[in-house]
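Worksheet for the structure shown next.
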Amino acid sequence: MPETTTTLANAMKVFYGPRIVSGINNRNELSDLWQKRGMEFDVGGVRTEFPFHSGRNSGVGAVGNSKKLPVAGNQTVNTVQIPYRNNYIRVRLEGQIIKQTETNKMAFVRAMEFSTKNAIKDGAHSIERQLWANGVGIMARVSGSHAAGATTVQLKSPLGVTGTVGGGRYLQVNDNVVFVRNATPTSAADADIVSGSAVVTISSIASDGSSMVVDAAVGATLNDNDMVVLSPGDLVTESSVNQEVDGLLGGVDDGTYRTTYHNVNRSTVPQWSAKVKSIAGDFQNKDLVKICEVAFERYGMVNKLLSHSSVRNAYFEVLTTLKRFVSNKGENADLGFVGVANEKNEVEWSGRPWRACRMAPYGMIFGINTENLSRYVNCDFEWIRGTVDGIFHVIADYDLFEARGRIYDNYHVETPTEMFRLDDINAEVEYVQL
């Protein structure tokens with residue numbers, strides 16, 4: 001019998017490549033826009049407040065000779081209040097793994113460096129997801145009722161946006177989640193965690209995002225539309241509900257997802273609302289033209305469009321049907337390709353860049369002015385100072401070391417009235433777990 005790679009397997013060496021190859025997408029299209037194009041303020045105290053001019057003086061008008069002058073009116077000013085939100089990351093390492101990965105000979109990378117750098121990226125990924133939402137922290141909603149002993153939960157409405165496609169797209173395996181029940185999500189609190197339910201850890205998510213399998217029984221009857229919310233501390237009494245930063249879904253809104261936005265009620269102050277229109281059908285270019293014109297008449301000019309790629313592809317389909325191809329002297333026409341994006345994944349629509357963003361809610365187009373997106377920073381990201389490598393804390397009585405990072409900030413849409421959102425656009429989705 002000849003020698004083979006099987007018979008000599010124990011005598012052969014393994015060649016290792018020069019690096020760790022990442023299979024994780026760390027692009028943050030919206031965070032980059034908000035922080036690099038908009039305004040950023042260093043702030044302190046318990047929150048940020050400033051006045052918002054929302055109404056004109058009605059005491060103006062033309063009158064005849066010797067007629068009564070206009071009744072005196074007044075300017076209307078509301079107080080905007082922006083609370084700070086707290087986001088953390090936490091890394092824990094055994095002393096042994098730290099020592100065993102100190103040199104290139106021992107490992108591809110130092111455990112400390114690998115864990116901390118990638119934890120920062122994971123934190124940025126979480127912020128990116130939060131910036132598409134409305135601050136409530138809804139990861140998905142429960143689809144249908146489930147018995148207390150259930151370990152498979154059907155999902156719908158990612159980020160709380162109504163829809164049955166890809167309900168679990170924002171969730172991750174190993175996330176700790178709880179179930180929250182409140183008919184008004186923006187007023188939900190930890191007290192609304194379903195009584196008797198448990199913190200469960202996600203073991204797997206269906207390939208189409210329609211359901212999740214958890215590591216234990218949910219512990220209580222779940223109702224249709226119960227909210228699935230993260231419990232970062234793995235406590236059934238604590239969750240992320242209404243603790244996340246305020247994103248576009250709440251800022252570019254008319255009260256559908258957030259009635260009171262940073263202390264100003266949109267039902268009584270319409271100048272605090274964006275223009276929102278439900279299409280409830282296929283994309284049509286005229287809808288986008290009309291809402292851009294309305295936004296301009298209301299306040300100003302949007303300078304960028306944002307959507308999921310599936311919605312922008314619906315626009316490409318419209319372009320393709322309108323395009324005409326003319327033969328060149330009897331030669332075959334070059335059909336080309338409609339919708340080639342640049343390196344920022346943007347195409348131009350009516351002089352405005354239209355960016356496809358992987359974390360954007362399905363079926364929506366956001367029209368924004370990037371100059372009026374603001375970030376209020378009470379504490380920019382920092383590692384809480386430790387005694388090992390400057391950031392690691394020694395865990396008493398154990399050969400364990402822990403790093404803890406924090407950021408206290410919030411995000412704000414300065415002028416919602418100049419922005420818009422189109423909802424409920426039909427688009428064919430190629431599902432991707434984020």
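The values are calculated or read from the model by the stated rules, or taken from the named source; none is laboratory data. Bear in mind the structure is a predicted one, so any value in this text is a computation, not a measurement. Neighbour counts are summed over all protein chains in view; Cβ atoms, including those assigned to glycine, are modelled from backbone coordinates with ideal geometry. Accessible surface is based on the protein model in full, side chains and every heavy atom, while ligands, DNA and RNA are left aside. Shrake-Rupley method; radii C 1.70, N 1.55, O 1.52, S 1.80 Å.
Numbers at a glance
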item: Flag for ASP287 being open to solvent by less than 60 Å² (accessible area, probe 1.4 Å), among the charged types (D, E, K, R) and in a helix (DSSP H, G or I); result: yes
item: Hey, VAL276 part of a loop (DSSP other than H, G, I, E, B), touching a residue at least 40 places away in the same chain (Cβ under 8 Å), surrounded by 17 or more Cβ atoms within 10 Å (Cβ to Cβ) and of a type outside the set (Lys, Arg) or not; result: no
item: Residues of the stretch 231-258 that turn out to be hydroxyl-bearing (Ser, Thr, Tyr), closer than 20 Å to ILE365 by Cα and out of contact with any Gly (no Cβ under 9 Å at 6 or more places or on another chain), as a count; result: 1
item: Given (1) in contact (Cβ under 8 Å) with a residue 40 or more places away in the chain; (2) farther than 29 Å from ALA274 by Cβ, index of the condition ASN86 fails; result: (2)
item: Residue in the stretch 29-38 that is of a type outside the set (Asp, Glu), touching a strand residue (DSSP E or B) at 6+ places or on another chain (Cβ under 6 Å), modelled with pLDDT of 80 or more and not in a strand (DSSP E or B) present; result: yes
item: Flag for ARG385 being closer than 24 Å to ASN87 by Cα, among the charged types (D, E, K, R) and at pLDDT 85 or above; result: yes
item: Residue match in the stretch 234-247 (condition: open to solvent by 60 Å² or more (accessible area, probe 1.4 Å), free of Cβ contacts under 8 Å to residues at least 40 places away in the same chain, out of contact with any Leu (no Cβ under 7 Å at 6 or more places or on another chain) and not polar (S, T, N, Q)); result: yes
item: Matching residues in the stretch 290-307 - criterion: being open to solvent by less than 20 Å² (accessible area, probe 1.4 Å), outside any helix (DSSP H, G or I) and either of a type in the set (Phe, Trp, Tyr) or modelled with pLDDT of 90 or more (or both); result: VAL302, LYS304, LEU305, LEU306, SER307
item: Residues located in the stretch 192-233, provided they are more than 29 Å from VAL429 (Cβ to Cβ) and assigned to a strand (DSSP E or B); result: ILE193
item: Selection within the stretch 308-347 - open to solvent by less than 70 Å² (accessible area, probe 1.4 Å), among the aliphatic types (A, V, I, L, M) and modelled with pLDDT of 55 or more; result: VAL311, ALA314, VAL318, LEU319, ALA341, VAL347
item: Filter result for the condition that a residue is more than 27 Å from GLY209 (Cβ to Cβ) and touching a strand residue (DSSP E or B) at 6+ places or on another chain (Cβ under 6 Å), over GLY363, GLY386, GLY351; result: GLY386
item: Complete set of residues in the stretch 74-99 that are surrounded by 13 or more Cβ atoms within 10 Å (Cβ to Cβ), more than 29 Å from GLY233 (Cα to Cα) and not hydrophobic (A, V, I, L, M, F, W, C); result: THR76, ASN78
item: Residues of the stretch 48-73 that turn out to be free of Cβ contacts under 8 Å to residues at least 12 places away in the same chain and surrounded by 16 or more Cβ atoms within 10 Å (Cβ to Cβ), as a count; result: 0
item: Scan of the stretch 124-161 for residues that are farther than 15 Å from THR184 by Cα and part of a helix (DSSP H, G or I), ordered by number; result: ALA124, HIS125, SER126, ILE127, GLU128, ARG129, GLN130, PRO158
item: Hits in the stretch 140-154 (condition: within 21 Å of ILE425 (Cα to Cα) and open to solvent by less than 10 Å² (accessible area, probe 1.4 Å)); result: ALA140
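Residue-wise test of (1) within 18 Å of ASP246 (Cα to Cα); (2) in a helix (DSSP H, G or I); (3) open to solvent by less than 20 Å² (accessible area, probe 1.4 Å); (4) not charged (D, E, K, R).
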{"site": "GLY363", "(1), (2), (3), (4)": "no, no, yes, yes"}
{"site": "GLU382", "(1), (2), (3), (4)": "no, no, no, no"}
{"site": "TYR398", "(1), (2), (3), (4)": "no, no, no, yes"}
{"site": "PHE401", "(1), (2), (3), (4)": "no, no, no, yes"}
{"site": "ARG421", "(1), (2), (3), (4)": "yes, no, yes, no"}
{"site": "ASP424", "(1), (2), (3), (4)": "no, no, no, no"}
{"site": "GLU428", "(1), (2), (3), (4)": "no, no, no, no"}
{"site": "GLN433", "(1), (2), (3), (4)": "no, no, no, yes"}
